[in-house]
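Trainee: Here it is, the structure in full.
All of the numbers you see were taken from the coordinates with simple rules; none came from a lab. Because the structure is predicted, anything quoted here is derived from the model rather than measured. When we count neighbours, we look across all protein chains shown, and the Cβ atoms used for this are built from the backbone with ideal geometry, even at glycine.
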Amino acid sequence: MKRLTVLFAAVVLAAAGCNESKLSGDSAGGPNDPKEAKIMANLDQLSSEDRALAEQQRFCVEASESRLGSMGVPIKLTVRGEPVFICCKGCKEGVEQDEDKALARVKELRAKYGKKQ
């Protein structure tokens, strides 16, 4: 029971951290959209290799409605040798608790967004 309470608290904290600046769905505005400009500015701070990977992933693996870059520079984790990007520090624990889920989500996101649109 205590473990369940701790897990619940972790999920609530992660969700609270990720909700402050969501940009959901595929409905990103054009280059003049301030939200999209913020995302691009944050992605610009990544290396060219990491930026390409983050753009292929597009969304956080833990907070699935949070665009990478919408909450600051995306955070790169390495899960079983694979690069995984999250939107904020609050999502790190969730990825660490279920690496299989995170890796499956990265694969799904890259399949959907990996091709240039």
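Trainee: Quick one: which residues, 5+ away or cross-chain, put their amide H under 5 Å from the amide H of Val79? H built at 1.01 Å from N.
Mentor: Counting only residues 5 or more places away or on other chains, the set is Val84.
Trainee: log10 I(q)/I(0), Debye, Cα-only the range 67-117, no solvent, q = 0.17, 0.32 Å⁻¹?
Mentor: Reported log10 I(q)/I(0), two decimals: -0.52, -1.29.
Trainee: So, counting K/R as plus one and D/E as minus one, what does the shell of residues with Cβ under 12 Å around Val106 add up to?
Mentor: For residues surrounding Val106, the net value is +3.
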